[in-house]
Amino acid sequence: MKKTEEGLIKNSYESIIGELQTIISIGYITTVAIGMLFAYQKYHHFGINIFNYADVFDFLITPFSDFKVLTFSVVSIFICLSIIRLDIYWKKKKPESYSRLNLGWDKKDWFETYRFISYSFLLLGYLYLSSDLYGKIAKKQIEKQNLIEVKFIDGEITKGIMIGKTSEILFLKIDEKITAIPIKSVVKKIEIK
């Protein structure tokens, strides 16, 4: 091979790796954000603001701790990208029908901004409604679980339904009260009212 061909291949390879790293980083950040929204909705239905009890690490692993959230995140990202690509393809290949459906607005200067804002609001609305539905379904599933026992260092035993946990707090539903139990502390219980 000639040196120029090797240089072109090396430059192409480095460019692809750079783009791939960017795509993976953006995908991970998006997945973490979606995971945070889903975690918030899951605990919100029990009256818990998870942001008061969780640390950054808890949110970094949220999408990977619940397979449903990870699957939803990946599928949502794929669907959104597919819709955007379909929109671009339609505008390019069938401009007359595209323009007719958009009432001729696609010829206006502000249309690209309008389209971006519309897709953003649609995506955010979709994610919010989906996470709210997830929270309601998760609450029903959690309330059907068997009771667990938590034994404290002094021998006291508490029974309740486990709602979930962070790296430092265990959330139990005891009768109709929500209790936060610190895992690494001398504090026994925190009742959430």
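The values are calculated or read from the model by the stated rules, or taken from the named source; none is laboratory data. Keep in mind that what you see is a predicted model, and the values were worked out from it rather than measured. Heads up, the Cβs are rebuilt from the backbone with ideal geometry, glycines too, and the neighbour counts pull from every protein chain shown. For the accessible areas, the whole protein counts, side chains as well, though only heavy atoms, and no ligand, DNA or RNA atoms are used. Shrake-Rupley method; radii C 1.70, N 1.55, O 1.52, S 1.80 Å.
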Run the accessible area of the chain with a 1.4 Å probe and give the carbon-and-sulfur part as a rounded percent.
-> 65 percent
The helix 67-93 Cα axis meets the longest alpha-carbon principal axis of the chain at an angle in degrees, between 0 and 90 and rounded to 10, of 20 degrees
Listed pairs Lys42/Lys173; Lys151/Lys173; Lys42/Lys184 exceeding 21 Å between Cα atoms = Lys42/Lys184
Accessible area in square angstrom per residue, the chain, 1.4 angstrom probe | 72 Å²
Along the positive direction of the dipole of the chain (beta-carbon charges: Lys, Arg +1; Asp, Glu -1; about the Cα centre), which of Leu147, Thr158, Trp105 reaches farthest?
-> Trp105
Looking at the square roots a ≥ b ≥ c of the eigenvalues of the Cα gyration tensor of segment 52-193, which shape do they give, rounded for a/c under 1.5, prolate if a/b is larger than b/c, or oblate?
-> prolate
Contact order relative to length for the chain, counting C-alpha pairs under 8 Å separated by 6 or more residues, stands in percent at 18 percent
Between 0 and 90°, nearest 10: helix 56-65 axis offset from the chain longest Cα axis | 80 degrees
Sites removed, the longest contiguous part of the chain containing no DSSP-loop GluC sites (Glu not before Pro) with at most 16 other Cβ within 10 Å is 1-155
